[in-house]
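First up is the structure itself, then whatever we jot down about it.
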Amino acid sequence: MHELFIRLKAYPVVTFELAAASLFANILALASPLFVIQVLNRYVSHGVDSTLFTLTAGVLIAIAFEVAFRQIRLNIANALSRPFDRLNADATFEILTGARADVLTRMSAGQKRQAAAAVDSIQQAYAAPNMAAYLDLPFALVFLVALLMLSAPLAGIAAVFVLVVILMGWFGVRGMKQPTEALQNQMGQRQGLLDSAIMDVDTVRAFTADQFLRRRWQQMQDGLENIRSVMSSRQGRSQNLTQGIQALMSTAIIATGGMLVVGGNLDVGLLIGANILAARTLAPIIRVTQSASVVANAKTGRATLNALMKLPREATTGSALGNYKGGIEFKDVGFAHQGQPTPLFESLTLKLEPGALFVVAGANGAGKTTLARLLAGLLSPSRGQILVDGVDLAQTAPQWWRRQIIYMPQEPSFFSGTVRENIMAYNPDMSEADLNSIIRDAGLEKFFATSKEGFDMALRSGGRNLPVGIRRRLALARALASNGRLVVLDEPLEGLDAEGAQQIGKLMNALSQRGCTIIALSHDPNIIKGAVHVLDLNVKPVPRLLQVKGDAQQALPAGKGGA
């Protein structure tokens, strides 16, 4: 309920309006039991039709106003919840798109989806109807006081049953916490299996993983069914007990009231009216206690969101050099993945002047992609500095820096949108002529000339609806949209045919003639052969810098060099 108080506290005027609407609605709800009492005590006793007409007209007006105030309250509650729900949704998406890449990559897709689903669980728990039920809770006291004014013994009976239902609700919320957390965890893992079935269609079939995934799915479903069975059993038991308590309270009220009527301390009209008031007293408490699973889900969701919001974000401010010339320098740089006992590389000291052509070689897993991500500012060195034109890369604004580089990752991916949107998100000021130019430079002119959608072709599942070679060329076109001075190409020839490899070679020559600094990270012998300097990441822990002369290689001092 802490979430509810936060929302109410944020808007005092709206909270006052909600309280006023709740007060009027609940006071008007007293009209029904009072109508019953008056009809039985006055009309039945005297039989005056005008009295019945007046009482009926009055209660109908009261009911109409009660319904109106409850609807007004729902509208106000909906307006109050909307900014908080929007804030939760926006903040979640902001952290998923703005947290540091190295932190987010350590989270599974299921964990990220679970965090996104937490927004919906909170929204459901504090939607307008549920909020109205929470606001009705204090007014149970109004009905209890009214019942006390009719009969103290009957009010005492109702108070005992109210206390029992409150305790049941408290234990219900506590009992639902653990299975709710387990359910969300299982749902996150199940989503990972669904992602494989939906996105990795060819992989599942080509490598006969269907039976394995089905077994995993069945195991996951068994776990989910067990958890849901526990939750359903507890919810059903709570509902059954609640219904039983309602029946017991009505029985106790009628039995005790009957004795009071026989003893001359109460009349029949008051007895029936007291029974209605007792039911009204218990109703809002029951509605709140029966939402135990929703509240528990929201509490777990809030804890998930709070943990997500603590993730370190990328900097949004920093230095922006007026004119980046393309210089890059590594000063005693080392990097180790979190939890790994040994660094991927260390003591890397290297300075590249603007316009240099440099190759980073190494086997798979040697650290080429890690070094490329360090250059793109997606990772931070474990120690040392990366300088760009003499300025520490950590002090620059990430958004500015990434528009200074032409970055082609080894495994390119795209957001859900069109080709045009994916490219122009990187450079919103790009003209149609510029777009056509980079598509041509990437060797995609024929592909889009024969495409019905053209640049409005939709990219789905990260671009997996395109062939690998086309996807890599499209990643190159997106990289060229920056018009940067530092070129970082991670395995640029991977997945390309001879024509595509030739296109990359022409493009590298053109960029070199333009004065760009080019860093190609590759184990391809054709790229290595054309380099003057090669950094060999296969040598651990300090990479070795080689100077290539024809087919000979000469090792320079370990970890040090310039180009």
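Any read-out appearing in this document is the output of simple, stated calculations on the displayed coordinates, not a laboratory observation. Here the structure is a predicted model, which means the values were calculated and not measured. Cβ sites come from the backbone with ideal geometry, for glycine too, and all protein chains shown count toward neighbours.
How large are Rg and Dmax for the chain when only the alpha carbon atoms are used, in Å?
Cα-based Rg and Dmax for the chain come out at 35.0, 120 Å.
Order the peptides 62-69, 157-164 from the highest to the lowest mean number of other Cβ atoms within 10 Å of their residues. Before the final figure, lay out the partial values.
Working: 62-69: 15.5, 157-164: 17.9.
Descending packing order for the listed peptides: 157-164, 62-69.
Antiparallel DSSP bridges in the chain: what percent, to the nearest 5?
Of those bridges, close to 55 percent are antiparallel.
Between 380, 455, 345, whose Cα lies farthest towards the positive end of the dipole of the range 328-555 when Lys and Arg beta carbons carry +1 and Asp and Glu beta carbons carry -1, centred on the Cα centre?
Sorting the options by dipole projection puts first 345.
Could you work out how far helix 468-480 tilts from the main Cα principal axis of the chain, as a 0 to 90 degree angle to the nearest 10?
With both axes taken from Cα atoms, the answer is about 90 degrees.
How far is helix 498-513 tilted, in degrees, relative to the longest principal axis of the Cα atoms in the chain, given as a value from 0 to 90 rounded to the nearest 10?
The helix 498-513 is inclined about 80 degrees to the chain.
How big is the Kirkwood radius of the range 241-319, worked out from every pair of different alpha carbons and given in Å to one decimal? Intermediate results must be reported in sequence, preceding the final value.
Working: mean 1/r = 0.0596 Å⁻¹.
About 16.8 Å for the range 241-319.
Cα centroids of the range 308-377 and the range 107-142: how far apart, whole angstrom?
With the range 308-377 and the range 107-142 each reduced to a Cα centre, they are spaced 43 Å.
To the nearest 20 debye, what is the magnitude of the charge dipole of the chain about its Cα centre, counting +1 on the Cβ of each Lys and Arg and -1 on the Cβ of each Asp and Glu?
680 debye
Show which lysines lie in cross-link reach of residue 331 when reach means a straight Cα distance below 29 angstrom and same-chain residues fewer than eight apart are skipped.
Leaving aside lysines fewer than 8 places away in the same chain, those within reach of residue 331 are 351, 368, 529, 540, 549, 560.
Hey, what do the phi angles of the range 351-359 turn into as Karplus ³J(HN,Hα) couplings, whole Hz, using 6.51/-1.76/1.60 and θ = phi - 60°, x for Gly and Pro?
10, 10, 7, x, x, 6, 10, 9, 10
Of 95, 253, 285, 198, how do they rank once you tally other Cβ atoms within 10 Å and put the fewest first? Numbers along the way, then the final one.
On the way: 95 19, 253 26, 285 22, 198 10.
Neighbour counts put them in this order, fewest first: 198, 95, 285, 253.
Give me the Kirkwood hydrodynamic radius of the range 328-555, using the inverse of the mean 1/r over all pairs of distinct Cα atoms, in Å to one decimal. Display every interim value, and only then the final one.
Details: mean 1/r = 0.0547 Å⁻¹.
Result for the range 328-555 stands at 18.3 Å.
If you take the Cα atoms of the range 2-309, find Rg, then find the Kirkwood Rh from the mean of 1/r over all pairs, what is Rg/Rh?
1.12
What ranking of 446, 368 emerges when the number of other C-beta atoms within 10 Å of each C-beta is taken as an exposure proxy, fewest first?
So the residues, fewest neighbours to most, are 446, 368.
Could you line up 450, 300, 105 from fewest to most neighbouring Cβ atoms inside 10 Å? Each step should come with its number before you reach the end.
Numbers: 450 8, 300 23, 105 11.
The most exposed by this proxy come first: 450, 105, 300.
Collect residues whose amide H, placed 1.01 Å from N in the peptide plane, falls under 5 Å from the amide H of residue 353; neighbours closer than 5 in sequence don't count.
Result for residue 353 returns 563.
So what's the gap between the Cα centers of the range 209-243 and the range 441-455, to the nearest angstrom?
49 Å
Which value, in debye to the nearest 20, describes the size of the charge dipole of the range 328-555 about its Cα centre when Lys and Arg Cβ atoms bear +1, Asp and Glu Cβ atoms bear -1, and nothing else is charged?
Result for the range 328-555 is approximately 160 debye, rounded to the nearest 20.
Determine the dipole magnitude for the range 40-194: charges of +1 sit on the beta-carbon of Lys and Arg, -1 on that of Asp and Glu, nothing else is charged, the reference point is the Cα centre, and the result goes in debye to the nearest 20.
My answer is approximately 380 debye.
So which lysines can residue 446 reach, going by Cα to Cα under 26 Å and dropping same-chain residues fewer than 8 places off?
Within the straight-line limit of under 26 Å, residue 446 reaches these lysines: 506.
Give the cross-link partners of residue 310 among the aspartates and glutamates, using a straight C-alpha distance below 13 Å as the criterion and excluding same-chain residues fewer than 8 apart.
In chain and number order, the partners are 94.
Based solely on its DSSP helices, what 222 nm [θ] is calculated for the chain when runs of n ≥ 4 H residues each add -39,500 (n - 2.57) and the sum is averaged over all residues, nearest 500 deg cm²/dmol?
Mean residue ellipticity, 222 nm, calculated: -20000 deg cm²/dmol.
For the range 383-416, list residues with backbone N below 17 Å from a point placed 7 Å from the Cα of residue 433 toward its Cβ?
Nothing falls inside the zone, counting backbone N under 17 Å.
Once the Cα atoms of helix 140-150 and of the chain are each reduced to a long axis, what angle between those two axes, in degrees from 0 to 90 to the nearest 10, is obtained?
10 degrees
Give me the percent relative contact order of the chain, please, defined on Cα pairs under 8 angstrom at least 6 residues apart.
Numbers: 825 pairs, mean separation 84.6, N = 563.
Relative contact order comes out at 15 percent.
From the residues 295, 199, 223, which one has its Cα farthest along the dipole of the chain in the positive direction, the dipole being from +1 and -1 charges on Cβ of Lys/Arg and Asp/Glu about the Cα centre?
The listed residue farthest towards the positive side: 223.
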